[in-house]
Amino acid sequence: MPKRASGGVKKANRYQAILVRIFSNHHQADVNTFDFERQEIEQVADEMEIVLPKNIGDVVYSQRYRAEWPEEIKATIPKGHDWLILPAGRGRYRFKLIRGSSRVVPRLDAAVIKVPDATPEIIAAYAQGDEQAVLARVRYNRLIDVFLGITAYSLQNHFRTSVKDMGQIEIDELYAGVNREGQQFIVPVQAKGGSDQLSIIQAIQDIACCGEKFPRLTCRAVSAQFMADGVIAMFEMREEKDGVPRVAEERHYSLVPFDKIEAGDLERYRLK
């Protein structure tokens, strides 16, 4: 018989109920980081009679990219800080308090740059609004080249590997590139569409992976997000002294038919 959600725990909040219990089991005042084991998710779910998803990792994924912190955890966050749930090795996670936000949110006042849409019509016709659609439009329109000012080539989708002290990670898409001086780059790209939000957690994983697997190449981590009206927000994430990546550059691109780029648009771009 499958377990039923206990009274008072709504199905939509069951993942957060588990995380709140785990958090309260480990958190202490003035403690900014602590680990917990993956199996603790199962143990707590059993104690609370909460049905787990087939993929237990969804409990953590949902909190990283979709949900706001529940009030019990939010109350422990100092102003100007946020909690992360980082990978900490095989079957292990780490709560860590950082300065700034864990999410990468597009600015609402950023200028939108029009780019001729080179997406093949058959791709545009069948693409969904998920991360794969973002990655496809970025790839076909060479937005990595446009955004970073280098020549870049898609190396691999869904690059899965293991990283020291993190365990298994996956990069949405990996590019290799070169500039006019011959400097070579490795560009990990994370993408989000729909209701999912970008998180610095994936940037942390991507940068660590590239440093370990491609130590002779310059890593330039990129995040891309679908916005309203098909605008694609792109961010370059750069690691700071505290080891946390933050937004170093942000641009918003609108993919449009060539005849929708007016003379006034070209004049503005020419004068920048």
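Scan the stretch 121-159 for residues that are buried (at least 18 other Cβ atoms within 10 Å of the Cβ), part of a helix (DSSP H, G or I) and either more than 21 Å from the chain's Cα centre (by Cα) or among the hydrophobic types (A, V, I, L, M, F, W, C) (or both) and jot them down. A133, V134, L135, A136, V138, L143, I144, F147, L148 - these are the residues of the stretch 121-159 that are buried (at least 18 other Cβ atoms within 10 Å of the Cβ), part of a helix (DSSP H, G or I) and either more than 21 Å from the chain's Cα centre (by Cα) or among the hydrophobic types (A, V, I, L, M, F, W, C) (or both).
Just wondering, is there one or more residues in the stretch 86-107 that are outside the structural domain of A29 (by TED's automatic domain parsing) and out of contact with any strand residue (DSSP E or B) (no Cβ under 9 Å at 6 or more places or on another chain)? No: the stretch 86-107 contains no residue that is outside the structural domain of A29 (by TED's automatic domain parsing) and out of contact with any strand residue (DSSP E or B) (no Cβ under 9 Å at 6 or more places or on another chain). Highlighted here are the helices (runs of 4 or more DSSP H) found entirely within the stretch 1-120 that include at least 2 residues which are within 17 Å of the chain's Cα centre (by Cα) and more than 30 Å from P257 (Cα to Cα): 58-65.
You will find that of Q225, Q168, the residue that is in a strand (DSSP E or B) and over 21 Å from V146 (Cα atoms) is Q168 and no other.
Within the stretch 46-67, residues that are farther than 18 Å from G91 by Cβ and at pLDDT below 95 reach partners that are aliphatic (A, V, I, L, M) and in a loop (DSSP other than H, G, I, E, B) with beta carbons closer than 9 Å, at six or more positions or on different chains, in the pairs M48/A5; M48/V9; E49/A5; E49/V9; I50/A5; I50/V9; V51/A5.
Checked across the stretch 189-209, the condition of being of a type in the set (A, V, I, L, M), modelled with pLDDT of 95 or more, surrounded by fewer than 20 Cβ atoms within 10 Å (Cβ to Cβ) and more than 20 Å from R99 (Cα to Cα) holds for no residue. Residue pairs whose Cβ atoms lie under 7 Å apart, sitting 6 or more positions apart in sequence or on different chains, and linking a residue in the stretch 241-255 that is under 16 Å from V231 (Cα atoms) and among the aromatic types (F, W, Y) to a partner that is at pLDDT 95 or above and assigned to a strand (DSSP E or B), are Y253/I113; Y253/V115; Y253/I232; Y253/M234.
The values are calculated or read from the model by the stated rules, or taken from the named source; none is laboratory data. Keep in mind the model is a prediction, meaning the values are calculated, not measured. Neighbour counts are summed over all protein chains in view; Cβ atoms, including those assigned to glycine, are modelled from backbone coordinates with ideal geometry.
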